[in-house]
1. Residue by residue through the stretch 163-175, what is 3J(HN,Hα) from phi via Karplus (6.51 cos²θ - 1.76 cosθ + 1.60, θ = phi - 60°)? Round to whole Hz and write x for glycine and proline.
2. When the Kirkwood radius is taken over all Cα pairs of the stretch 127-199, what Stokes-Einstein diffusion coefficient follows at 37 °C and 0.692 mPa s, in µm²/s?
3. Quick query: amide H of R87 versus all other amide H atoms, modeled in the peptide plane; which residues come in under 5 Å with a sequence gap of 5 or more or a different chain?
4. Counting heavy atoms of the protein chains only and a 1.4 Å probe, report the per residue accessible area for the stretch 122-186 as a whole number of Å².
5. Rounding to the nearest 20 debye, state how big the charge dipole of the stretch 169-254 is about its Cα centre with +1 on each Lys and Arg Cβ and -1 on each Asp and Glu Cβ.
6. Spelling out what I want: for every residue of the stretch 181-192, take phi, set θ = phi - 60°, compute 6.51 cos²θ - 1.76 cosθ + 1.60 (Karplus), and round to whole Hz; glycine and proline get x.
7. Can you work out ³J(HN,Hα) from phi for every residue in the stretch 199-216, in order, using Karplus 6.51 cos²θ - 1.76 cosθ + 1.60 and θ = phi - 60°, giving whole Hz and x for Gly and Pro?
8. Based on the Cα coordinates of the stretch 111-254, what is the per residue volume of their convex hull in Å³?
Amino acid sequence: MRSGNAVLALLLTVLAGVTAIPAQAQLFGGGRCGGGGWLGGLLGGGCPIIESRPGIVEGMVAVQQAEIVLQTAHMLSQIEHMIAMRRLSPLDTAGAIAARLRTARGMLDRVDLVPWSVAGVEAQYAGLYPDVLPETWTAADLTAHRREQARLTKAASRASKLASADAVTAAAEYPARIGAVMAALKACTGQACAADMATQAGLLSVEVTSQMLLVQAAHQRAVEARLDEERAALERARLHDLINWRDIDRYGGR
């Protein structure tokens, strides 16, 4: 191991090769700073900083300022990216979907004779298709009752046709609507936007399914009205026979 004198000699040799030390920063002299000159400042005392060339400190400050500017720009970019990741799509199809379903439901409401509430269906069915018709009815009563059953059957058929026609008409708009949803999805720049468009695409599927449910319900109601009218024929025939033979004595009694 080298002795302390040998290390000091080596250090002096290295320092002797430095050619850019200003005159005011003497090696051992007090210089302007005092307290040991340049080597004193290096080892604890004297001048703390020695410029090897004029303006080096200003250059270091300029570099730091530039680095701060770059870091600030990067932070702003990250903030904008975070905002984009949380931004929803500008396309909102919820209003159009709700309007389409209201229109489809409105087709069924255009036929007043066909109720769609539970209470309305129960009341109508009990009145038009009772298990036993009143024996006090006359032929005119029976004819009027039969006419109301036929009216309901015809109205239910009309409601079914309106619902199916409305669904087919709406189907012509779906290619353009689906294209708009896909274009908005591709234009998304963040996860929130993509999730929003995926939800809207799901709502569009719900719209189609709901509309088909309305069509099926209207069609089933038309079929049921026809079957109910046919089943009621037996009870009508029984009452019709009773009315025809009322107050007429039959052979062997009634």
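1. Computed from phi, the couplings for the stretch 163-175 are 5, 5, 5, 5, 5, 5, 4, 5, 4, 5, 8, 5, x Hz.
2. Values: Rh = 17.2 Å.
Calculated translational D: 191 µm²/s.
3. Those qualifying (amide H under 5 Å, at least 5 residues apart or on another chain) are A192, C193.
4. Values: 3890 Å² over 65 residues.
Result: 60 Å² per residue.
5. On the way: 10 positive and 11 negative charges, 21 e Å.
Using Cβ point charges on Lys, Arg, Asp and Glu, the stretch 169-254 gives about 100 debye.
6. Along the stretch 181-192, the couplings run 5, 5, 5, 5, 5, 5, 7, 5, 10, x, 5, 4 Hz.
7. Going residue by residue, I get 5, 5, 5, x, 5, 5, 5, 5, 4, 4, 5, 5, 5, 5, 5, 5, 4, 5 Hz, with x marking Gly and Pro.
8. On the way: hull volume 16.2 nm³, N = 144.
About 112 Å³ per residue, rounded to a whole number.
The values are calculated or read from the model by the stated rules, or taken from the named source; none is laboratory data. None of these values were measured; they are calculated from a predicted model. Here Cβ is always computed from backbone atoms with ideal geometry, including for glycine, and neighbour counts include all displayed protein chains. We work out accessible area using only protein heavy atoms, side chains counted, and drop any ligands, DNA or RNA first. Shrake-Rupley method; radii C 1.70, N 1.55, O 1.52, S 1.80 Å.
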